[in-house]
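Reading through the structure tokens given below for one structure.
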Amino acid sequence: IVEQEEALGTADAALQAREKIDDRALIMNGDDIYPGLPDLSAHSSCLLGMEVDEPSKFGIYQIEDGRVKDIEEKPENPSSAMANIGLYLVGSEFFDLLDDVEMSERGEYEITDAVKEYVGSEQVDFQEARRWLPCSYPDQLMDANLELLEEIETATDGDMKNSETGGTVIIEEDARVENSELTNVVIHSGATVRDCKLENVVVREDSTLQDVETSRSYYMPGCPEAEKVENV
């Protein structure tokens, strides 16, 4: 583990690991999820992307014969819909480019500046990712949470009384549920849920919910008792 002591941007964050890199490095956004990474062992350097519905909101790769030729940042007239998803397999020379990145207008060193330089100076392969769950904004986090909830198996190891469940429901050991309706819900150890109707919700450790009806929500660990809340 290498710590970035001051939040100076993504280029600076990656640069902190420079002394740990011998040959290649896999760099990925810390606020995104990449389930099922493809096998990249045949590549010396490779950028991964995915097609998106609104390419003008993303950095878009220009691809030719399986190689990345350029990146357009949020283009008005995109040449493709293949977005940069913040997942890069790079050689150690990439860190020299990180060292030369200048501070952006928002006061950070941006890794995308180095990536743009990298594709211009190297033979960089392209591969489409299998999945990408961006989590930069609250609505994206809830979408990712729901998608992952739907893939796990129901397990009710905690104490559940007079309650109904649907979809995927996880009740961990030492969690308590009474008189509630749960659909696609995870309740962590030590949490208590009484007289609630929850859908697509995660309740973290040692939280308490009483008489709550809510959906697409995430209760942080130790959330104090929440009562008579409606958010559907």
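For the range 1-95, what does the relative contact order come out to in percent, with C-alpha contacts under 8 Å and a separation of six or more? Averaging sequence separation for qualifying contacts and normalising by length gives 34 percent for the range 1-95.
Split the accessible area of the chain by element, probe 1.4 Å, and carbon with sulfur accounts for 41%. For the residues Glu51, Glu205, a 1.4 Å probe over the protein chains yields an accessible-area ranking, largest first, of Glu51, Glu205.
Thr165 contributes about 80 Å² of solvent-accessible surface, heavy atoms of the protein only, 1.4 Å probe.
Note on Lys116: lysines with a C-alpha under 18 Å away, same-chain residues under 8 apart excluded, are Lys57, Lys69, Lys74. In loop segments of the range 1-35 as defined by DSSP, the GluC sites (Glu not before Pro) with at most 15 further C-beta atoms inside 10 Å of their C-beta are Glu3, Glu5, Glu6.
The relative contact order of the chain, computed from alpha carbon pairs under 8 Å that lie at least 6 residues apart in sequence, is 14 percent. For the chain, the residue among Ile111, Ile63, Ser180 whose Cα projects farthest onto the positive side of the dipole built from Cβ charges is Ser180. Put simply, the amide H of Lys69, placed in the peptide plane, has neighbours under 5 Å in Gln62, Ile63, Glu64, leaving out anything fewer than 5 places away on its chain. Overall, the chain carries a charge dipole of about 400 debye about its Cα centre when +1 sits on the Cβ of Lys and Arg and -1 on the Cβ of Asp and Glu, all other atoms neutral.
In this structure the amide hydrogen of Glu178, modeled in the peptide plane, comes within under 5 Å of the amide hydrogens of Lys161, Val193, Arg194, Asp195, none closer than 5 places in sequence on its chain. Ordering Arg176, Arg130 by accessible surface, largest first, gives Arg130, Arg176; the 1.4 Å probe counts only protein heavy atoms, with every chain in place.
How do Asp100, Asp65 rank by accessible surface area computed with a 1.4 Å probe, from largest to smallest?
Numbers: Asp100 120, Asp65 145 Å².
Descending order: Asp65, Asp100.
The calculated 222 nm mean residue ellipticity attributable to helices in the chain amounts to -4000 deg cm²/dmol, summing -39500 (n - 2.57) over DSSP H runs of n ≥ 4 and dividing by all residues. Neighbours of Lys69, meaning other residues whose beta-carbon lies under 12 angstrom from its beta-carbon, give a summed charge of -4 when Lys and Arg score +1 and Asp and Glu score -1. Who wins for biggest fluctuation among Asp125, Asp31, Asp23 in a Gaussian network model of the chain, springs between alpha carbons below 10 Å? Result for the chain, Cα springs under 10 Å: Asp23 fluctuates most.
For the range 118-192, the Cβ-based charge dipole about the Cα centre amounts to some 100 debye (Lys, Arg positive; Asp, Glu negative; other atoms uncharged). Per-residue 3J(HN,Hα) values for the range 160-165, derived from phi via the Karplus relation 6.51 cos²θ - 1.76 cosθ + 1.60 with θ = phi - 60°, read 10, 10, 6, 10, 10, 10 Hz in sequence order (x marks Gly and Pro). Backbone geometry of the range 11-25 corresponds, through the Karplus equation with coefficients 6.51, -1.76 and 1.60 at θ = phi - 60°, to 3J(HN,Hα) couplings of 5, 5, 4, 5, 5, 5, 8, 3, 5, 8, 9, 9, 10, 10, 9 Hz, x marking Gly and Pro.
The values are calculated or read from the model by the stated rules, or taken from the named source; none is laboratory data. Everything numeric here is computed off the predicted structure, so don't read it as measured data. Here Cβ is always computed from backbone atoms with ideal geometry, including for glycine, and neighbour counts include all displayed protein chains. The area values use the complete protein model at the heavy-atom level, side chains included, leaving out ligands, DNA and RNA. Shrake-Rupley method; radii C 1.70, N 1.55, O 1.52, S 1.80 Å.
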